[in-house]
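Asker: Below is one structure. I have some questions about it.
The values are calculated or read from the model by the stated rules, or taken from the named source; none is laboratory data. Worth saying up front: this structure is predicted, and the values here are computed from it rather than measured. Positions of Cβ are generated from backbone atoms using ideal geometry, with glycine treated the same way; all protein chains shown enter the neighbour counts. These accessible areas exclude ligands, DNA and RNA; they are computed on the full protein's heavy atoms, side chains included. Shrake-Rupley method; radii C 1.70, N 1.55, O 1.52, S 1.80 Å.
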Amino acid sequence: MIFAESLGILLNAYEAKKMVNLRDLTQQELESFLASLGYPAYRGRQLYRWIFARRVSNFDKMTDLPQDLRTHLSRTAIIETPRIADSSPKALDGTRKYLFELGDGTYVETVFLPSSTAQTVCISTQVGCSLNCVFCATGRMGFYRNLTTAEIVNQIVEIEREEKIRISHVVFMGMGEPLCNFDAVMKAAHLLADPAGMGLSARHITISTIGIVPAIERIIHEGMPAKLAVSLHATNDEQRSQIVPVNKTYPLSLLMKTLRAYAHVTRYPITFEYILIKDLNDRPEDAAALPQLLRNIPAKLNLIRLHPTGCRFEPSPEERVEAFLKELRAAKLDATLRVSRGLECQAACGQLAPQEPRRKSPASDSIPTDLANLADDIQK
Ligand code: SAH
């Protein structure tokens, strides 16, 4: 798949004699890049395999590429790798949080979550977040900027190198709202799910959203090589708008209608995340409202305990969590309580917010341009 915008950037960068970051490019874009240098398409395919399938970032190691091409690439292109500025000690279950310093001095956090059946990373898509959900530490940071495709993919490559393993599962559940950085996130998902690229199974990639309706509509039309998860957290607008401000823009009725259309077109089940908050959304009537809200949607429900982030809400008491789960199961919902991993290292859901100094201050216009343009894009 060619991403016209990035091809433009690539050619401009090349003409301006700036270094091109090859980790940002799809196979087709690499083929076009090499064609512009006079090389046949198969050289682009070889280069793509070195960069993504073999995770090699040193041109000298790409031994089946001609020497003149390797020399040329080392002068005009880079395969950018971010600096690991810090990492937490390993938790008992192996969970470890990484702090990456990006090229402009901003930071993101990424979590490695190993288990006996899966090597998972939870990756970030934005420096900060503009959506301000009240329970989330990332939201409190404000929004700095979107990550590039390379910065998204590199979190996985670097953790693989550090941990000396192959990652099998990726969840887009770190810092930021993935669907507010739509183009870079979708391109990253394509690179991850491409058998000739990063080689993950699309069934092992999950993109979680707070419910950006125009972006979900775009996914319905364009498809996506990943599963969808939706952070629901409430069963009516009054409750949800209190804790998720963007619900005022995309209220529940609109969100659920769009998700029904998504399920109808893709036939994939949707995972719903629901943080249990004491006296706000954990009462028997809330449990009773959920099956009604999710009717006609092939759904899994993940209950999450509220992790400490300094917000004004309290987690549901254990007995209420148990009762809630029991009620959902009695109503035949496929519901589970998510194990809270990473609490020891401030790496659990909602806790990602680097303490490191950031050279930039939050963007004054906190609506990411991608989001602002989405509605227009969808009309086209
Ligand atoms: N913005 C996207 C991606 C982030 S995913 C989204 O909202 O889905 C991070 C998950 O952790 C979301 O389900 C989010 O609602 C949840 N979360 C945020 N703060 C939390 C907290 N304090 N305790 C438990 N889960 C939290």
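Asker: Under a plain spin-label model, where a point goes 7 Å from the Cα along Cα-to-Cβ, how far apart in nm are Gln242 and Ser115?
Answerer: 3.2 nm
Asker: Using a 1.4 Å probe and ignoring any ligands, DNA or RNA, find the accessible area of His169 and quote it in Å² to the nearest 10.
Answerer: Surface open to solvent at His169 totals about 50 Å².
Asker: How much accessible area does Arg45 have with a 1.4 Å probe, in Å² rounded to the nearest 10?
Answerer: Per-residue accessible area (Arg45): approximately 90 Å².
Asker: Out of all Cα-Cα pairs in region 165-219, roughly what percent, to the nearest whole number, are more than 14 Å apart? Please list the in-between numbers first.
Answerer: Details: 807 of 1485 pairs.
I get 54 percent for the Cα pairs in region 165-219 exceeding 14 Å.
Asker: Grab the other residues whose beta carbon is less than 15 angstrom from that of Gly197, score K and R as +1, D and E as -1, and report the net.
Answerer: On the way: positive: Arg23, Arg45, Arg49, Arg54, Arg55, Arg166, Lys187; negative: Asp24, Glu29, Glu31, Glu160, Asp194.
So the surrounding residues net to +2.
Asker: Let me ask another. Once fully extended, how much extra length lies between Lys90 and Arg140, figured as 0.36 nm per residue of separation less the alpha-carbon to alpha-carbon distance? Show your work: numbers first, answer last.
Answerer: Details: separation 50, 0.36 × 50 = 18.00 nm, distance 2.61 nm.
Net length gain for the segment: 15.4 nm.
Asker: Suppose we keep just the alpha-carbon trace of region 162-259; what are its Rg and Dmax in angstrom?
Answerer: So, for region 162-259, Rg and Dmax equal 15.0, 47 Å respectively.
Asker: Another question, if that's okay. Just to check I understand the Karplus step: with θ = phi - 60° and J = 6.51 cos²θ - 1.76 cosθ + 1.60, what whole-Hz values come out for region 73-84, glycine and proline as x?
Answerer: Along region 73-84, the couplings run 5, 5, 8, 10, 9, 10, 10, 5, 10, x, 8, 7 Hz.
Asker: If ligands, DNA and RNA are left out, what is the accessible area of Asp24 with a 1.4 Å probe, given in Å² to the nearest 10?
Answerer: Roughly 40 Å² of Asp24 is accessible to a 1.4 Å probe.
Asker: Another one. Taking 8 Å as the Cα distance limit and 6 or more residues as the minimum spacing, I'd like the relative contact order of the chain as a percentage.
Answerer: Rounded, it is 15 percent for the chain.
Asker: Within region 108-226, what whole-number % of the accessible surface is contributed by carbon and sulfur, with the 1.4 Å probe and all protein chains included in the calculation?
Answerer: Details: 1700 of 3290 Å².
Carbon and sulfur together cover 52 percent of it.
Asker: How much accessible area per residue does the chain have, in Å², with a 1.4 Å probe? Each step should come with its number before you reach the end.
Answerer: On the way: 16650 Å² over 380 residues.
About 44 Å² of surface per residue is accessible.
Asker: Determine, for each peptide in 47-57, 204-214, 293-303, 84-94, the mean count of other beta carbons within 10 angstrom over its residues, then list the peptides with the highest first.
Answerer: Values: 47-57: 19.2, 204-214: 21.8, 293-303: 17.0, 84-94: 13.7.
Per-residue Cβ counts within 10 Å, averaged per peptide and sorted highest first, yield 204-214, 47-57, 293-303, 84-94.
Asker: For region 135-182, state which trypsin sites (Lys or Arg not before Pro) are in a DSSP loop and have at most 14 other beta carbons lying within 10 Å of their beta carbon. Could you put the intermediate results ahead of the total?
Answerer: Numbers: sites: Arg140, Arg145, Arg161, Lys164, Arg166; in loops: Lys164, Arg166.
Answer by residue number: Lys164, Arg166.
Asker: Ignoring ligands, DNA and RNA, how do Arg23, Arg320 rank by accessible area with a 1.4 Å probe, largest first? Write down the numbers at each step before the final one.
Answerer: Working: Arg23 0, Arg320 75 Å².
My answer, sorted largest first, is Arg320, Arg23.
Asker: Then there is this: If you take every residue apart from Ser208 with its C-beta less than 14 Å away from the C-beta of Ser208, what net charge results, scoring Lys and Arg +1 and Asp and Glu -1?
Answerer: On the way: positive: Lys227, Lys300, Arg338; negative: Glu177, Glu273.
Taking every other residue near Ser208 into account, the sum is +1.
Asker: Of all the Cα-Cα pairs you can form in the chain, what percent are over 35 Å apart?
Answerer: Values: 18581 of 72010 pairs.
Result for the distance tail: 26 percent.
Asker: Given H placed 1.01 Å from N in the peptide plane, which residues other than close sequence neighbours of Val20 have an amide H under 5 Å from its amide H?
Answerer: Result for Val20 returns Ala77, Ile78.
Asker: Lys and Arg at +1, Asp and Glu at -1: add these up for the other residues within a Cβ distance under 14 Å of Leu228 and post the number. Display every interim value, and only then the final one.
Answerer: Details: positive: Arg203, Arg218, Lys227, Arg260, Arg267, Lys300; negative: Glu177, Glu217, Glu222, Glu273.
Net local charge, Leu228 excluded: +2.
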